[in-house]
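The values are calculated or read from the model by the stated rules, or taken from the named source; none is laboratory data. Since we're looking at a predicted model, the values are computed, not measured. Heads up, the Cβs are rebuilt from the backbone with ideal geometry, glycines too, and the neighbour counts pull from every protein chain shown.
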Amino acid sequence: MKIKTKLRLGFGFLFAVVLFFGALSLFYINEISKSAEIILKDNYESLRYTREMRKVLDEQPLPLSNSAFKTFENSLIKEEVNITEHGEQNEVVALRKAFTLLTSAQNKPDAEREVRRRLQNIDDVNMRAIVRKNITAQNSVKQAVMLLGFAGTITFLILFSFCVNFPGFVANPLRQLLNGIKEISKGNYGQRLEFSNNDEFAEVANAFNQMAAKLNDWESSNLANIMSEKKRIEAIIEQMQDAIIGINEKEEILFINTVAASILNLNNLQASGMSLKELSTKNDLLGHIIKAGPADKPLKIYADGKESYFQLEKSEIIIPNYEKPVESSVIRTGRSAGEVIILKNITTFKELDEAKTNFIATVSHELKTPISAIKMSLKLLTDERVGKLNSEQAGLVEQIKEDSSRLLKITGELLDLSQVETGNIQLNFVPANPNEIINYAVNAVQFQAEQKHIQLEVIGSDDMPKVNADIEKTAWVLINFLSNALRYSPERSKIIIKTTVINSTVEFSVRDFGKGIDEQYRQKLFERYFRVPTDGNNKAGSGLGLAISKDFIEAQNGSIGVESAIGEGSRFYFNLPVQR
């Protein structure tokens, strides 16, 4: 039977019970009303008639007048018609005889007493009837109340039983279904529902059982796939040449491949599942790796019987967030499930880089001597004591001189770069006056500025605090800034060199009013070998000057940067700490 049919039958039964109780109540109320109506109608009329006849006797003297006679006669006739009780007929007949005697007899007092006696007897008969009917009515009321109370009790019990049992008819299957859904959500796919009734709940239970069976089959097959993929991933990780360590969100080691275990001198099987903090307290190298950042310098670790270099990489594991969301204005689609630490073996690249650096240093050093000799020869050629050159020869010599100077500068930068890459920067820290560094740099480029009619404006105070710096390398950085500014500034423009105290540092800045640098190139200016594209009017440098400048400044615990906008020029600056 369908739930809809059961609900209709249930509520129809309730309606029938309520209708039956209402009809029974109306029946007994109607019976009581009829009993009361009989008492008020028949007996009350008889009492009223006798009262009117007695009133005539009380108020009119004997013999009765015609009007009094007619009044008495009318009431008597009405009483003769309204005979309802047993014995009342005899009394009315006797009353008629006594009244006839009263109107004709000589002994009127005796006749009057007989009339009054008969009237009293009629009153007594009706009063007894009223009492009797009242008792009958009360009994009827008691019976009706008893029957209504019984019917009401039965109806209440039926309704109470219906209210108690009927909600369970709907709620119990829903509760079983809810418990089944909760078990499914916990991963208990063996949960089943059994409903004996042939209704919609049975259909829902059947669909639920089919869903649970399919989920169980899916989990079995999916688990096998997951285990297969897990073994495949573990095999891939194990075959990788890089050291790999997996950490979960509880900071426990999920996996560690053989390379990582060998570098850290650990047993990968025993290390899996251990707390990272506990293990790092016993292994200094692991503790250093955890604290180190990916942007730090490569780690030098003794591995494979030699000093090896490893680049640290850390990657957070993000998985979809299926947890119940908390009350928040932000909904997160993913959550962290741990971290993967990778140590890439860059020993081969490091060795090649060192070989490249040594080669550059050797070549630059070897080129510096012949280039200097070429410059000396060019200087001799321009001396008129050797011989005067014509205009074409002088132009060629000047071109060779510029190219030699540029080549000599490049070889110097390459030598400086080799020092930086090998970590052999020799810094001579002394208390230095910022104004002296500014003057040294300005004097070095003054001739070049005069050639382009560019004004060099120095802004700063005479009481600037001293900085703890290497004067030669700091001045080299400032000269590099000024050389670039002169190269890209138009003729008859201005370059501002400014020193400013900012917190506990002194800022050196060089501002030009050239065409500026596009935003896409600003982030790469301090990278090695990067050169901003030119329009052909200016010769591009080697791309090493700003990179070396950055290394020189950072080696002195300073910072370097650039501000530029197209059409407004550029401002290169660096900060050095004030001497304490």
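Things to note:
- Any hit, the stretch 132-151, residues being exposed (fewer than 13 other Cβ atoms within 10 Å of the Cβ) and not in a helix (DSSP H, G or I): no
- Residue check for Arg128: surrounded by fewer than 16 Cβ atoms within 10 Å (Cβ to Cβ) and modelled with pLDDT of 80 or more: yes
- For the stretch 414-460, the candidate set comprises residues that are assigned to a helix (DSSP H, G or I), under 30 Å from Lys297 (Cα atoms) and not charged (D, E, K, R); within that set, the residue that is modelled with the highest pLDDT is Leu414.
- Set side by side, the residues Lys142, Lys186, Lys182 differ, and just one is closer than 24 Å to Asn30 by Cα, without any contact (Cβ under 8 Å) to a residue 40 or more places away in the chain and charged (D, E, K, R), which is Lys142.
- Qualifying positions in the stretch 251-268 - assigned to a loop (DSSP other than H, G, I, E, B) and touching a residue at least 12 places away in the same chain (Cβ under 8 Å): Glu251, Asn257, Leu264, Asn265, Leu266
- Residue in the stretch 440-452 that is under 23 Å from Asn557 (Cβ atoms) and either aromatic (Phe, Trp, Tyr) or under 56 Å from the mean Cα position of the chain (by Cα) (or both) present: yes
- Restricting attention to the stretch 501-525, the residues that are surrounded by fewer than 20 Cβ atoms within 10 Å (Cβ to Cβ) and aliphatic (A, V, I, L, M) total 3.
- Residue match in the stretch 99-106 (condition: surrounded by 14 or more Cβ atoms within 10 Å (Cβ to Cβ) and modelled with pLDDT of 80 or more): no
- Checked against the criterion of being within 19 Å of Ile495 (Cβ to Cβ), of a type in the set (Val, Ile, Thr) and modelled with pLDDT of 90 or more, the stretch 527-542 has no qualifying residue.
Residue-by-condition table, conditions (1) in contact (Cβ under 8 Å) with a residue 60 or more places away in the chain; (2) in a helix (DSSP H, G or I); (3) of a type in the set (A, V, I, L, M, F, W, C):
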| residue | (1), (2), (3) |
| --- | --- |
| Glu73 | no, yes, no |
| Glu79 | no, yes, no |
| Glu85 | no, no, no |
| Val92 | no, yes, yes |
| Ala98 | no, yes, yes |
| Leu102 | no, yes, yes |
| Asp110 | no, yes, no |
| Glu114 | no, yes, no |
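- Any chance Ser405 is at pLDDT 75 or above, out of contact with any Gly (no Cβ under 6 Å at 6 or more places or on another chain) and among the hydroxyl-bearing types (Ser, Thr, Tyr): no
- Candidates Leu276, Leu286, Leu254, Leu312: the one that is under 14 Å from Val340 (Cα atoms), crowded, with 19+ Cβ neighbours inside 10 Å and at pLDDT below 75 is Leu276.
- Qualifying positions in the stretch 152-170 - loosely packed, with under 11 Cβ neighbours inside 10 Å, among the hydrophobic types (A, V, I, L, M, F, W, C) and either at pLDDT below 80 or in contact with a Cys (Cβ under 6 Å, 6 or more places away or on another chain) (or both): Phe160, Cys163, Val164
- A residue that is free of Cβ contacts under 8 Å to residues at least 12 places away in the same chain and in contact with a Phe, Trp or Tyr (Cβ under 8 Å, 6 or more places away or on another chain) occurs somewhere in the stretch 560-579.
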